Each structure stands twice: as C-alpha cells, then as structure tokens.
Amino acid sequence: MDLKPSESLKIDTFSMRIDDIEGVDLDRLHALSLSVGWPHRAEDWQFLRQSGQGFVALDEIGRVLGSAMWFAHGAGFATVGMVITSPRLQTLGAGQWLMKRVFDRVAGRDLRLNATRAARRLYLSLDFQPEKTVYQCQGIARLETTGSPADILDVRTLDPKDIPAAIALDAAGFGVRRAALIERLFAHWAGYGLFKDGRLSAFALCRPFGRGHVVGPVVAECDADAVAIVRPHVADHSGSFLRIDTHMDNGEFAAFLSHSGMPVFDTVLTMSMGKRLSDFAVGTAVAPVTYALASQTLG
C-alpha cells in the first residue's frame, strides 16, 4: 500500500487541505464531533490537544471536515484517536487520507486505537489487527447500600505525592509508561487509591467529560480491588451521568457497573499495529490490570 501523504485531496467538486489541529478554534472542533454524534465538549477537545498532536481537514472556505490525532508515549508507541470525517465524506477516502498523514508522523512506532463499527473497515484496510472489545458502560449512577468487604480496605483520596506510584501501576497495566499523561490527568481528575501496607496497589481517576463524568484509568490486581476504588466515584456522582470504558464483560467488576446504573451502552474494538496487546503483558503472578481506559481516544 502506498502511504505517501499528500497535502490536499480532491473530493467531488471541492478540495480539502491539511492543517495543524492546534490552530483551529475549539468551537469548530466541537461542531465536528457533534456532527457524528460524539459527546466531546470543547473542554474535552482542549485537554486532548494538550495531550497529543493532530491534523484537521479543511475545505476551501475553512470549514473543518475531518480530524485525526495521535498521543506518543516514549519513542516506540502511540495511540491514535479522534479520527473523524464529516458524514458526507466517510465513504470518499477522507479517513484514509488523514491516516496516511498520521502514519507519516508516527513511523516506526507500535500503534493502538479503539475503532467504532463505522471505522473498522478503514483500520483493517490499513493493516490494524483486532484485539479486544471495549464495553462503553454508562448511565445515571446509583450506589447500592449493601455491605461490602471494601468497607475495611484502606481506600483514600489520591494527592500529588501518589503520582509516581500511579505512573508505575499504569505502566504495568497498560504495558507502556505514560508519565506525562498520568501527570496531566492528576491535574484535571479526582482520584481514589487502594493502599496495602502503605503501598498504592490500585487507583481510579475521574473527570468531567461529555454528558457528565468518566472514570478511568482504573488499574487494579483483581475485581474486588477495582470495585473498591470505583465505588467512591459512584457515590460522588450518584444521581448524575457516569461512564466507564472497560474490556471486562463478566465477573464482579462488570456486574458492579451494571448494578451501579452503568449497563453496556455500546462497544468499540481495540486494534493494534505492530506489537499485540499480549506482547505488552507483565509476566508476574499478580500483575496490575487496566480495568478501565482513560478514554477511548487515549486508551
């Protein structure tokens, strides 16, 4: 496949050109995500721009008709997200054109993304490989008042001194060290951690997003620990909209989400290019697991 990027693309009777996403007004980016039914607010776009890089596709009069972003972690890995084309262009090659531009900037890296159903054919054509289903669990949060073993666990609010331990746990669960991202998340998110013998062994962050709040990343060694650190976020946002994106489709954690007012609403598919998810696995008997993504875009 020829992946040489071009600066412009002719579609039907008009042309599109590429520009850096950094210079585009947030309200125009917000309008693009609204056009495809995505919940991102202008503030969510701004956080993503601060965390990564990207392109937009503009028509002759400067309207934003598409976007694509990437989020690099170290020299060898990146996630790809916010790949959007306006509905009129989705079958006309605009997505592939944008992705070729991204490939030019992330050459040599292992890549990971979460594909909507509409985008899977595009990513398969670009040689991304299917990995795991992501379950988008959301709804009006409610906390069951029944007793739980978590009541006796040492779960408490995180603060900046916990950042190095959270970075290490996230790296073990995600497979890649994301120090800059975790530090940025701590600046914007509320977090709870589970401590065992004074050591941080699990954590869950939560921030405003879309219609309400999103919980993630959630990193823990077992379902019970994951439930223990998500439960306080459910309590904090009981009666309001809450979302979690997880690979877990059964077990105690998945059941807890459903019972807490967050049934599965939709699914996307984690896909990779280069190393597979199994290549990033930590080879220890009790290893941290990413129970919930930071977001579908960030992984």
Fill in the blank from the handout: Full extension between residue 161 and residue 144 adds, at 0.36 nm per residue less the Cα distance, a length in nm of 3.0 nm
Practice task
Starting with the highest mean, order 169-176, 107-114 by the number of other Cβ atoms within 10 Å, averaged over the residues of each peptide.
Solution key: 169-176, 107-114
Problem - Helical mean residue ellipticity (222 nm; -39500 (n - 2.57) per DSSP H run of 4+; nearest 500) of the chain - result: -8000 deg cm²/dmol
Exercise for the section: Express in nm, to one decimal, how much length is gained between residue 187 and residue 199 on full extension, taking 0.36 nm for each residue of separation and deducting their alpha carbon distance. Expected result: 2.2 nm
Handout entry: Length released on extending from residue 96 to residue 43, taking residue separation times 0.36 nm less the Cα-Cα span
Key = 16.4 nm
Handout entry: Prolate/oblate/rounded label for the range 8-108 (Cα gyration tensor, a/c 1.5)
Key = oblate
Exercise for the section: Starting from the coordinates of the alpha-carbon atoms of the range 192-257, obtain the Kirkwood hydrodynamic radius over all distinct pairs and give the value in Å to one decimal. Expected result: 12.2 Å
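Pairs of Cα atoms under 8 Å, at least six residues apart: use those to get the relative contact order of the chain, whole percent.
Contact order relative to length: 22 percent.
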Handout entry: Sorted by Cβ neighbour density within 10 Å, fewest at the top, the residues 106, 227
Key = 106, 227
Practice task
Between residue 267 and residue 27, with labels modelled 7 Å along Cα→Cβ, what's the label distance in nm to one decimal, could you check?
Solution key: 4.0 nm
Problem - Degrees separating the helix 223-236 axis from the principal Cα axis of the chain, which is the longest one - result: 80 degrees
Completion exercise
Quotient of Cα radius of gyration and Kirkwood radius for the range 132-265, i.e. Rg/Rh, equals 0.93
Fill in the blank from the handout: For the residue 35, residue 154 Cβ pair and Förster radius 35 Å, calculated FRET efficiency rounded to 0.05 is 0.15
Practice task
Using only Cα atoms, figure out Rg for the range 33-85 and give it as a multiple of 2.2 N^0.38 Å.
Solution key: 1.22
Problem - Separation in nanometres of the label points that stand 7 Å from Cα toward Cβ, at residue 287 and residue 129 - result: 1.6 nm
Exercise for the section: Using a cut-off of 12 Å between beta-carbons, work out the net charge of the residues near residue 168 (Lys and Arg +1, Asp and Glu -1, residue 168 not included). Expected result: +1
Problem - C-alpha long axis of helix 179-188 to longest principal axis of the chain, angle in ° - result: 70 degrees
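Read-outs throughout are calculated quantities, based only on the coordinates presented, and are distinct from any laboratory measurement. Quick caveat: nothing in here was measured; it's all calculated off a predicted structure. Counting neighbours? That spans all protein chains shown, and the Cβs are built from the backbone with ideal geometry, glycine included.
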